[in-house]
1. Go ahead and run the numbers for FRET between SER35 and TYR150, Cβ-Cβ distance against an R0 of 30 Å, rounding to 0.05.
2. How many angstrom lie between the C-alpha centres of the range 70-129 and the range 37-62?
3. Test of understanding: what is the full-extension gain from ASP170 to LYS140, defined as 0.36 nm times their sequence separation minus their Cα-Cα distance?
4. Please find the FRET efficiency linking ASP118 to MET1, where r is the Cβ-Cβ separation and R0 is fixed at 41 Å, and quote it to the nearest 0.05.
5. Quickly estimate the mean residue ellipticity at 222 nm for the chain, helices only: each DSSP H run with n ≥ 4 gives -39500 (n - 2.57), and the total goes over all residues, rounded to 500.
6. Given the options ALA21, ASN11, LEU40, identify the residue whose Cα lies farthest towards the positive end of the charge dipole of the range 1-43 (+1 on Cβ of Lys, Arg; -1 on Cβ of Asp, Glu).
7. Using 30 Å as the Cα-Cα cut-off, could you pick out the over-long pairs in LYS18/LYS177; LYS52/LYS137; LYS137/LYS177; LYS18/LYS112?
8. Taking all protein chains as present, what is the carbon and sulfur share of the accessible area of the chain, in % to the nearest whole number, probe 1.4 Å?
Amino acid sequence: MSLLSDLINLNLSGTTKKIIAEYIWIGGSGMDLRSKARTLDGVVSDPQKLPKWNYDGSSTGQAPGEDSEVILYPQAIFKDPFRRGNNILVMCDAYTPAGEPIPTNKRYNAAKIFSHPDVAAEVPWYGIEQEYTLLQKDLKWPIGWPVGGYPGPQGPYYCGAGADKAFGRDVVDSHYKACLYAGINISGINGEVMPGQWEFQVGPFCWDLSWR
């Protein structure tokens, strides 16, 4: 396990200029994330200079088996908080080989709307709030809940502090720091009204056709 840990945390920058780029996209359900990695010859900071890539859309519910190729278009780059170093996360949207957006590519129409001069002139600001619940790995039951049972009434958990109220804070803080490391404009976190329930906020930010 010690050797595995050493390899996971191996810093490549001292031995090669090559980096790992993890291409990430939304899968066929609209709620699942997919990704795969490729090696690049060096550091890239502009997503338009990244190569497009392909994947088998029939295995993600995004293309029929007889015509399964889907093309990934890089749209935004973030620092990789897992591999660290110069490695990157690449947010992508998906198109047919002919260049048409596939049905699950919702970003395409959003980009068309927000790039319209009348809309762009308004300089809209956005703030995104995401609530979520942490589950126990094997039981699929919220952390902080008695197994097969239910917690006490809401009240002490919202913005709560302490091991008996803020369940999962180590995971939440790790996520917070990973977002800041990656360059995501995360603005805050807080515990929610239910044990094991949290939220984070991203923004405010101006629409610039990136995924930030």
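1. 0.25
2. Going from one Cα centre to the other spans 13 Å.
3. On the way: separation 30, 0.36 × 30 = 10.80 nm, distance 1.87 nm.
Taking 0.36 nm per residue and subtracting the Cα distance, the gain is 8.9 nm.
4. Values: r = 58 Å, r/R0 = 1.42.
Plugging the Cβ-Cβ distance into 1/(1 + (r/R0)^6) gives 0.10.
5. It lands at -4000 deg cm²/dmol.
6. Result: LEU40, furthest along the dipole toward the positive end.
7. LYS52/LYS137; LYS18/LYS112
8. For the chain, the apolar C and S fraction of the accessible surface comes to 57 percent.
The values are calculated or read from the model by the stated rules, or taken from the named source; none is laboratory data. Fair warning: this is a prediction, and the values are worked out from it, not measured in the lab. Here Cβ is always computed from backbone atoms with ideal geometry, including for glycine, and neighbour counts include all displayed protein chains. Remember, those area values only see protein heavy atoms, side chains included, never the ligands or the DNA or RNA. Shrake-Rupley method; radii C 1.70, N 1.55, O 1.52, S 1.80 Å.
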